[in-house]
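The values are calculated or read from the model by the stated rules, or taken from the named source; none is laboratory data. Just so we're clear, the structure is a prediction, and the values are computed from it rather than from any experiment. Every residue, glycine as well, gets a Cβ built from its backbone with ideal geometry; the counts of neighbours run over all protein chains shown.
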Amino acid sequence: MIRKAPKAHIPEFLIRYLERITHVKQMNAFLRKHPTERNYDFIRLVLDEELGCTASIEGTENIPAEDKPVIFVSNHPLGGLDGMIIAQMIHEHRPRPLKVIVNELLMYIEPINSLWAPVNKVGQLSREQVEAQQQMWEAGTDVLTFPAGACSRLQRINGKWQVCDLEWQKNFVQRAKEYQRDIVPIYFEGRNSKFFYVLAFLRKLLHIKLNIEMLYLVDEMYGAHGKHFKVHVLPPIPYTTFDASKTPKQWAEEVKLKVERMKE
């Protein structure tokens, strides 16, 4: 794909660098080794065999046992690996249909793309994608979403620099009310490298619109080899909580603050 960039001549040294930071050879070797694995079996192999990552879960009693569909919402510190770990965790404790709302680029990961509900970050969704999402909600599928829409960044808050989520979008509150779904908040402990945050900060400082740091997310994932992560599941929030006393945007911010208090 790198070599086929339209109307662009990419120097060979840059191609080699991009292939290195995106771990193309490693990923292709893994895919050749496991050509038939799909969905959660594939995720388990990625976590256990390719990355050697482990995770411990606190608050599993807060994962609803009843079959009523819910919306899981989480902070997004890592930008990919956290989504796989949380999806696997939900599946192990609540084995019912689940869709994860992700950047549409992840649809190219064929062994697990049936778990995704794509969102186009740079344009409009196709009519087929819009219809698929509508069917997802109407069919009563559980949904995992990251309301920040992107992984955490370095930000200056109350005079202090800290890594935290961007503003949470209100869509999950609106969907909770529309489809009468309780919200299950999740806090995921984890960070990317200092390099990632500095690069993102400098890119924004220089007013560069191209999301350069996103190119390094695969490298960040491989850099997490052997790490242990902690996931905290908070008590569900009934959809009736989101009344007219606050706007959907204000409710979304309140849920975000509830999740972020877990790191204090």
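Results, tabulated for the structure shown:
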item: Residues within the range 203-228 that are among the aromatic types (Phe, Trp, Tyr) and buried (at least 18 other Cβ atoms within 10 Å of the Cβ), tallied; result: 1
item: Flag for ILE109 being over 13 Å from the mean Cα position of the chain (by Cα) and assigned by TED's automatic domain parsing to the domain that holds GLN174; result: yes
item: Residues of the range 23-48 that turn out to be in contact (Cβ under 8 Å) with a residue 12 or more places away in the chain, of a type in the set (D, E, K, R) and assigned to a helix (DSSP H, G or I), as a count; result: 1
item: Residue match in the range 125-144 (condition: among the hydrophobic types (A, V, I, L, M, F, W, C), under 22 Å from ASP82 (Cβ atoms) and surrounded by fewer than 20 Cβ atoms within 10 Å (Cβ to Cβ)); result: yes
item: Complete set of residues in the range 80-97 that are touching a helix residue (DSSP H, G or I) at 6+ places or on another chain (Cβ under 6 Å) and either hydrophobic (A, V, I, L, M, F, W, C) or under 18 Å from VAL24 (Cβ atoms) (or both); result: GLY80, LEU81, MET84
item: Filter result for the condition that a residue is surrounded by fewer than 18 Cβ atoms within 10 Å (Cβ to Cβ), out of contact with any Pro (no Cβ under 9 Å at 6 or more places or on another chain) and hydrophobic (A, V, I, L, M, F, W, C), over VAL198, VAL231; result: VAL198
item: Single condition ILE85 does not satisfy, out of (1) in contact (Cβ under 8 Å) with a residue 24 or more places away in the chain; (2) farther than 20 Å from PHE229 by Cα; result: (2)
item: Any hit, the range 251-261, residues being farther than 19 Å from ILE57 by Cα, touching a residue at least 60 places away in the same chain (Cβ under 8 Å) and exposed (fewer than 14 other Cβ atoms within 10 Å of the Cβ); result: no
item: Residue that is farthest from SER56 (Cα to Cα) [pool: residues in the range 214-246 that are in contact with a strand residue (DSSP E or B) (Cβ under 7 Å, 6 or more places away or on another chain) and aliphatic (A, V, I, L, M)]; result: ILE237
item: Residues being of a type in the set (Ser, Thr, Tyr) and more than 24 Å from MET136 (Cβ to Cβ) - total across the range 40-74; result: 3
item: Cβ pairs under 7 Å, 6+ apart, first in the range 211-235 and assigned by TED's automatic domain parsing to the domain that holds ILE90 and under 21 Å from GLN88 (Cα atoms), second assigned to a helix (DSSP H, G or I) and at pLDDT below 95; result: HIS232/MET262
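Quick grid of which residues meet (1) more than 24 Å from LEU105 (Cα to Cα); (2) at pLDDT 95 or above; (3) not assigned by TED's automatic domain parsing to the domain that holds VAL255; (4) not β-branched (Val, Ile, Thr):
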{"site": "TRP161", "(1), (2), (3), (4)": "yes, no, yes, yes"}
{"site": "GLN174", "(1), (2), (3), (4)": "yes, yes, no, yes"}
{"site": "ARG181", "(1), (2), (3), (4)": "yes, yes, no, yes"}
{"site": "PHE196", "(1), (2), (3), (4)": "no, yes, yes, yes"}
{"site": "ALA200", "(1), (2), (3), (4)": "no, yes, yes, yes"}
